[in-house]
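S.K.: So that we are looking at the same thing, I have put the structure below in structure tokens.
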Amino acid sequence: MACGVQRALHFSGGVMKALVKLKAEPGLWLQDVPMPQVGIDDVLIRVLRTGICGTDLHIFKWDDWAAAHVPTPLVIGHEFVGQIVQLGSSVKGFRVGDVVSGEGHIVCGHCRNCMAGRRQMCDKTQGVGVNRPGAFAEYISLPQTNVWCHAPGIDKDVMAIFDPFGNAVHTALSHNVLGEDVLITGAGPIGLMATAVVRHAGARHVVVTDVNPDRLALAKRMGASVALNVSTQSLAEARLQLGMREGFDVGLEMSGNPTAFCDMIANMCHGGRIAMLGLPNKPFAIDWSLVISNMLTIKGIYGREMYETWYKMTVLLQSGLDISPVITHRFAYTDFEKGFEVMSSGDSGKVVLKWASLSA
Ligand code: NAD
Ligand code: ZN
């Protein structure tokens, strides 16, 4: 997966199409904006495809979280694949034409964690498409430290969703799942990808819960032993159906829903290990006595490990993992409103927007 040598080429001035959060109100605006600046350590990338994330939906709808975190005007979006078209003069290890994605967390490089090589734990992370210009545009400029060069042979749509795929892999591989019984709460795109990952990584039973029948059907397709609709069935029933004598060894919380998390801690084995990715929208209470008396470990997960998770994503795909069924809709970027509409409905997996093709 090594990228080639540096080669210079010049793109400057002019305008490009971009999806802009123009005003502090619901909506997104397709506009001409200036081409991004390319500093000496930056790489200019022509965007080929982008994925719509739940975060983009928050920004589109302009909820309280978005209003508190996102400056306007801003080009949004952070899930993408593209092709390098220009290299800053200090960039090494990349060449024009490389097919790349971007790590959406730009770290400070100077805090204790950054200095220790734990960049995913940076104290002062900036978010691409959240508080600095994003990828829903014809071009994006990123520091070379945030560029991941793809191995050949990976489907472009899958490359476009490496960011959320990385959330799934980071969470799913946080605890050993080989031969273990795994509970995944939430069959959104990330829970669905995590289902395929733990199955690939050798889990025995994989129970996936949601309240959306379409997503549960997808969970079956991604390798769930049981896809459980918790609005009509209980985890106790699923455990009985699978002949499980003890609780789940590993829990992956991917819904952000308090009830799902409370059910999870009540159904873990003694010594069970939980990785928590889902973001609840407000604080909630849990039965701490279960955590203590059942000796549970709970680990919070944010983003992706830089860049071990990216490496693992690549080798998982190279060793036969297939996450492509999670991509259910594809639109041209000019039809972005349709993409956001289907995402809002919940009747989708990942939605990919096409900006250009490799031959364009
Ligand atoms: P999503 O909102 O598409 O999926 C969440 C799913 O949970 C939905 O399908 C929903 O129907 C389901 N759900 C609701 N109530 C449930 C319940 N009681 N039991 C089981 N499932 C229930 O989100 P996503 O894009 O797949 O992301 C998953 C979660 O991870 C979200 O909470 C998101 O905010 C969070 N997230 C965290 C990070 C991070 O770095 N920590 C990064 C990306 C996303
Ligand atoms: Zn830092």
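The values are calculated or read from the model by the stated rules, or taken from the named source; none is laboratory data. Predicted, not measured: the structure shown is a model, and the values here were computed from it. Counting neighbours? That spans all protein chains shown, and the Cβs are built from the backbone with ideal geometry, glycine included. For accessibility, only protein heavy atoms count, side chains too; no ligands or nucleic acids. Shrake-Rupley method; radii C 1.70, N 1.55, O 1.52, S 1.80 Å.
S.K.: Taking each pair of distinct Cα atoms in the range 246-360 once, what is the resulting Kirkwood hydrodynamic radius in Å?
M.R.: One decimal place: 17.4 Å for the Kirkwood radius.
S.K.: Can you give the Kirkwood hydrodynamic radius of the range 107-154 from its Cα pairs, in Å with one decimal?
M.R.: Across the range 107-154, the inverse of the average 1/r is 12.5 Å.
S.K.: So for the chain, considering every pair of alpha-carbon atoms, how many percent are separated by more than 31 Å?
M.R.: Percentage above 31 Å: 35.
S.K.: Around T259, with a cut-off of 13 angstrom between Cβ atoms, what is the net charge of the other residues, counting Lys and Arg +1 and Asp and Glu -1?
M.R.: -4
S.K.: Given H placed 1.01 Å from N in the peptide plane, which residues other than close sequence neighbours of R330 have an amide H under 5 Å from its amide H?
M.R.: Amide H neighbours of R330, under 5 Å, 5+ apart: V352.
S.K.: Plugging the Kirkwood radius over Cα pairs into Stokes-Einstein for the range 289-335, at a temperature of 10 °C and a viscosity of 1.306 mPa s, what D comes out in µm²/s?
M.R.: 107 µm²/s
S.K.: Please report Rg (one decimal) and Dmax (integer) in Å for the Cα set of the range 165-218.
M.R.: My reading of the Cα-based Rg and Dmax gives 10.3, 29 Å.
S.K.: At a 1.4 Å probe, what is the % contribution of carbon and sulfur to the accessible area of the range 242-332?
M.R.: 54 percent
S.K.: While we're looking at this one, here's another question. Taking amide H atoms as placed 1.01 Å from N in the peptide plane, list the residues 5 or more away in sequence, or in a different chain, whose amide H sits under 5 Å from that of G134.
M.R.: V75, I76, G129
S.K.: Continuing with this model, one more query. Quick check on the range 261-314: what are the equivalent-ellipsoid semi-axes from the Cα gyration tensor, as sqrt(5λ), descending, whole Å?
M.R.: Computed over the range 261-314, the values are 26, 15, 8 Å.
S.K.: Reported to two decimal places, what Rg/Rh ratio describes the range 83-200 when computed on Cα atoms with Rh from the Kirkwood expression?
M.R.: Ratio value, two decimals: 1.00.
S.K.: Also, I was wondering about something else. To two decimal places, what compactness ratio does the range 7-71 give when its Cα radius of gyration is scaled by 2.2 N^0.38 Å?
M.R.: In units of the 2.2 N^0.38 Å rule of thumb, it is 1.36.
S.K.: Any idea what % of Cα-Cα pairs in the range 79-123 are farther than 18 Å?
M.R.: Percent of Cα pairs beyond 18 Å in the range 79-123: 49.
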